[in-house]
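Everything below concerns the one structure shown next.
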Amino acid sequence: MLAAVSSEFGPQFPKLAAGLASGVPDLDSVERALRDSSLGGGATALKMLFEQFDKALPPPECARCGKPMCRHRAGKKRVWLTRLGRVEIERSYYYCRSCGNGCFPLDRALGLESSTIIPGMASVVAETTPMMSFDAASGHIANLAGLNASSSSLQRWSPGARRGCSPFRARGGRRG
Ligand SMILES: [Zn+2]
């Protein structure tokens with residue numbers, strides 16, 4: 001356990017320790033640096049879990065014609081935005097020799113066929129964006145959760161914005 005902690009954080013220690021001892025310690029930077037490392041480690045673990053799950057899924061049957069599907073030699077990449085940051089997965093792609101249909105069993109098993117953001121992160125966006133401008137929400141999410149989500153991405157992901165009726169935008173102003 002100690003080895004895992006020291007390999008994740010160890011390389012930063014000399015610089016962080018020097019910063020603390022400099023006479024004008026920047027605690028905010030120290031906390032942010034360590035939080036980024038924590039999130040990075042979590043994102044790597046999530047990627048490993050997803051890829052392990054993908055490998056364990058049985059070959060699917062074609063949803064269109066019911067025939068067994070064939071696994072494509074190369075996996076295909078996809079990025080999801082999670083509470084731990086961006087997670088890039090290379091998952092299996094299957095295709096049907098009979099009708100040409102294709103599918104990603106992992107996306108289906110996780111219920112993420114059509115979404116770029118994972119439900120936990122979607123709830124962060126949904127709770128934040130109705131209360132402030134997308135610019136302010138972007139800064140707020142970065143400060144509280146350490147996640148980089150640009151204001152244009154938030155605009156795209158916000159449920160209200162998708163319906164064209166974000167309460168903030170409807171008032172026609174921008175805060176913060
Ligand atoms: Zn088929």
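Every number in this text was worked out from the coordinates using simple rules, so none of it is lab data. In this text the structure is predicted, and so the values were computed from the model without any measurement. No Cβ is skipped: glycine too gets one built from the backbone with ideal geometry, and neighbour counts run over all protein chains shown.
Quick look at the values:
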| item | result |
| --- | --- |
| Mean separation of Cα contacts under 8 Å (6+ apart) over length of the range 1-96, as relative contact order % | 24 |
| Semi-axis lengths (Å, descending) of the ellipsoid that matches the C-alpha gyration tensor of the range 46-116 | 23, 12, 10 |
| Residue with peak Gaussian network fluctuation, the chain [Cα springs, cutoff 10 Å], from Phe50, Phe104, Phe13 | Phe13 |
| Charge dipole magnitude, Cβ of K and R +1, D and E -1 - the chain, Cα centre, debye nearest 20 | 880 |
| Given charges at Cβ of Lys, Arg, Asp, Glu: the chain dipole, positive-most of Gly139, Leu46, Gly66 | Gly66 |
| Antiparallel bridge percentage (DSSP; both residues within the range 50-137; nearest 5) | 90 |
| Hydrodynamic radius by Kirkwood, which averages 1/r over all alpha carbon pairs of the range 86-153, in angstrom | 14.3 |
| D_trans [Stokes-Einstein, Kirkwood Rh over alpha-carbon pairs] for the chain, 20 °C, 1.002 mPa s, µm² s⁻¹ | 112 |
| Compactness index (Cα Rg / 2.2 N^0.38 Å), the range 1-102 | 1.67 |
